[in-house]
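First the structure, in the form of structure tokens, and then the observations on it.
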Amino acid sequence: MKTLGYLEIRALFLKHLEKHGHTIIPSASLVPENNPSVLFVNAGMFPLIPYLLGEPHPGGVRLANSQRSLRTIDIDEVGDATHLTTFEMLGNWSINDYFKEEALRITLSFFVDELGFDINKLSSSIFKGNDDAPKDEESIEIWKKLFKERGIDAKVGERIRELGKEDNWWEPDGGGPCGPDSETFYEVDGQLVEIGNDVFMQYLKKDGKYSPLGKHNVDFGGGLDRLAMVCQGLSSVYETDIYLPILKKVQELSKQEGIKSQRIIVDHIKAATWIIADGVVPGRTQREYILRRLIRRAIRHGKKLGIEGLFTRIIGEIAIEQFKPVHEGLEPRKKEILNILEEEEKKFNQTLEHGLKELEKLITKLNGRSFTNESGETFKIYETYGFPIEMTLEELENKGIEFDREKVERNHEKAYGEHQEKSRTASKGLFKGGMADTSEMSTKYHTATHLLLAALYSIVGPHIYQKGSNITTERLRLDFPNEEKLTDEQIQKVEDMINEQIQKGLPVTWKEMPKAEALKIVKYAAFEDKYGDIVKVYTIGSPESPFSQEVCGGPHVENTKTLGHFKIVKQENVAAGVKRIKAILE
Ligand code: SER
């Protein structure tokens, strides 16, 4: 096998897919666009859901990329050899184009011909069938054929394993386009490592029920970090060429051993740089909170390792250096990212001081007695001040307080369990994850946002463009630059103009064109690098005298008459010179 670097594998994959007629599309942001159902993009297919459901993609029917993704579900496992919070997923998609045979052929050829994997160590698994869908006999036959072409007699139950839904069925949390999948494995030191997954999307899961999708899509995904680990003959992703310099720096700063804590720092700080680069700042709610938790957890582990002084900037800088070739936002925002990290670190260090004071109080209260943790004090201190139990116990030990470690830990777990139960109930709705919200209502709000921008442009002035947009099924929200709040009269005019267009029943159409050409015809372009070289331009009204023209991925309604009545319900000041409008369709 060739020893390939992370970036080399990435480039080989994209070249391989290009050779097979795929358009390479850029990675979307970690923050989902106009999709309230998940906090972060968690798989390569996620930004493509509208297209997998039928919306035409400007790049055509064969697409590939390396998509940055974030999974908080695995956060507690980070620190082992293979789990990461943010990672890149190599992906290729057939949108109702090729199906199983070509997909598996492309996959196998990538591993064997491009990466030089030993065919003898490769194996696969397929879906064995259940009440919802039959056994994937076709994939068995395809795998046999593909192996045979390479001189291997592959047998079911050995090289081709038949597994159930838990292993060989893939669907986004909460439903969406889905189907049986076929995984590819590579044997490393007697262990099978999953290196890729081809999902055959023939079904749609909606309201818990499966129906035919009416299309045969393919969604391949493979974790790039894990591939690098296999290619480099390692047993941990943190030692691969892209992570090693970051790990080395953490080790250099550490005063004590602790590989798990060191990996957590590498993972969390690198994840934080990606998230900040995609426009999130640490805070108290949702995405902001996840970012804060990652940074603070890294800092706590830093303390455990005896790292002295502010260190997140040092690690962040190396992480940015390593990953700037794959995340285009890192280098230009480097200074800002590092400042945000350091600010958060300073804030947290203050909180930690308060935690130490709280601990002093506990010690005074004990008054020489031994510590039992009967009412989960260690957990409360952890919850309020971010003090991990290990640190608390260390402090107690230093102060000569006696305790039965096992009992203290048991009580800590108990308090933690009770808390988990409470927060599970509280956050059920929020973290459920799921498919892109392509429901009728959000599609309508999407089109209404275009109408709003065009009306603002014509009534308020040519300095208007979309600074931010957020759509739910209940309302649209648009941020745009303007010094003053709109007057009542302006609001009335904007509403009237939009309702007039809705009543006219204007057609909504789109055309693909090179980005340069699109830039000439649209008046306000809010797109950056998120679209490829060929873009889709949506036109509302006749192409000769359009009411609105915007670069956009869609989806949109076909005619404005379906929108109903447009009403602005709120206007806010979001930042200096930036105003926000919330509007509804009635
Ligand atoms: N969506 C599938 C996965 O995440 C394949 O890309 O594994």
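The values are calculated or read from the model by the stated rules, or taken from the named source; none is laboratory data. Computed from a predicted structure; not experimentally measured. Using ideal geometry, Cβ is built from the backbone for each residue, glycine included, and neighbour counts are taken over all protein chains shown. Heads up: the accessible areas ignore ligands, DNA and RNA and are worked out on the full protein's heavy atoms, side chains in. Shrake-Rupley method; radii C 1.70, N 1.55, O 1.52, S 1.80 Å.
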What pairs can you find where one residue is in the range 220-240 and farther than 12 Å from E194 by Cβ and touching a residue at least 12 places away in the same chain (Cβ under 8 Å), the other is assigned to a helix (DSSP H, G or I) and hydroxyl-bearing (S, T, Y), and their Cβ atoms are less than 8 Å apart, with a gap of 6+ or different chains? F220/T107; L224/Y6; D225/Y6; A228/Y6; T240/Y6
Failed item, numbered, when V218 is tested on (1) open to solvent by 60 Å² or more (accessible area, probe 1.4 Å); (2) touching a Phe, Trp or Tyr at 6+ places or on another chain (Cβ under 7 Å); (3) of a type in the set (A, V, I, L, M, F, W, C): (1)
How many residues does the range 364-379 hold that are surrounded by fewer than 16 Cβ atoms within 10 Å (Cβ to Cβ) and part of a helix (DSSP H, G or I)? 2
Out of E395, E317, E343, E331, sole residue that is surrounded by fewer than 17 Cβ atoms within 10 Å (Cβ to Cβ), assigned to a helix (DSSP H, G or I) and of a type outside the set (A, V, I, L, M, F, W, C): E343
Being open to solvent by 30 Å² or more (accessible area, probe 1.4 Å), outside any helix (DSSP H, G or I) and either more than 16 Å from the ligand (Cβ to nearest atom) or modelled with pLDDT of 95 or more (or both), is that true of even one residue in the range 34-47? yes
H57: more than 25 Å from Y538 (Cβ to Cβ) and of a type outside the set (F, W, Y), yes or no? no
Condition test on I521, is it aliphatic (A, V, I, L, M) and closer than 15 Å to P546 by Cβ? yes
Are any residues in the range 497-506 open to solvent by 60 Å² or more (accessible area, probe 1.4 Å) and touching a helix residue (DSSP H, G or I) at 6+ places or on another chain (Cβ under 8 Å), and if so, which ones? Q503, K504
Can you tell me which residue within the range 48-62, out of those that are of a type in the set (A, V, I, L, M) and either within 23 Å of G223 (Cα to Cα) or within 14 Å of the ligand (Cβ to nearest atom) (or both), is surrounded by the fewest Cβ atoms within 10 Å (Cβ to Cβ)? V61
Restricting to the range 13-27, count the residues that are open to solvent by less than 30 Å² (accessible area, probe 1.4 Å) and assigned to a loop (DSSP other than H, G, I, E, B). 3
Across the range 237-256, what is the number of residues that are farther than 17 Å from H83 by Cα, touching a helix residue (DSSP H, G or I) at 6+ places or on another chain (Cβ under 9 Å) and not aliphatic (A, V, I, L, M)? 6
Looking for something farther than 25 Å from Q322 by Cβ and either surrounded by fewer than 20 Cβ atoms within 10 Å (Cβ to Cβ) or not hydrophobic (A, V, I, L, M, F, W, C) (or both) - is there at least one such residue anywhere in the range 63-82? no
Which listed residue is surrounded by 20 or more Cβ atoms within 10 Å (Cβ to Cβ) and out of contact with any helix residue (DSSP H, G or I) (no Cβ under 6 Å at 6 or more places or on another chain), from L234, L213: L213
Looking at the structure I just gave you, is P543 in contact with a Gly (Cβ under 9 Å, 6 or more places away or on another chain) and either open to solvent by less than 40 Å² (accessible area, probe 1.4 Å) or free of Cβ contacts under 8 Å to residues at least 40 places away in the same chain (or both)? no
Being surrounded by 17 or more Cβ atoms within 10 Å (Cβ to Cβ), of a type outside the set (K, R) and either closer than 27 Å to K205 by Cα or modelled with pLDDT of 95 or more (or both) narrows it down to one of G174, G179, so name that one. G179
Qualifying helices (runs of 4 or more DSSP H) (wholly inside the range 208-279; at least 3 residues being within 16 Å of the ligand (Cβ to nearest atom) and under 23 Å from Y6 (Cα atoms)): 224-231
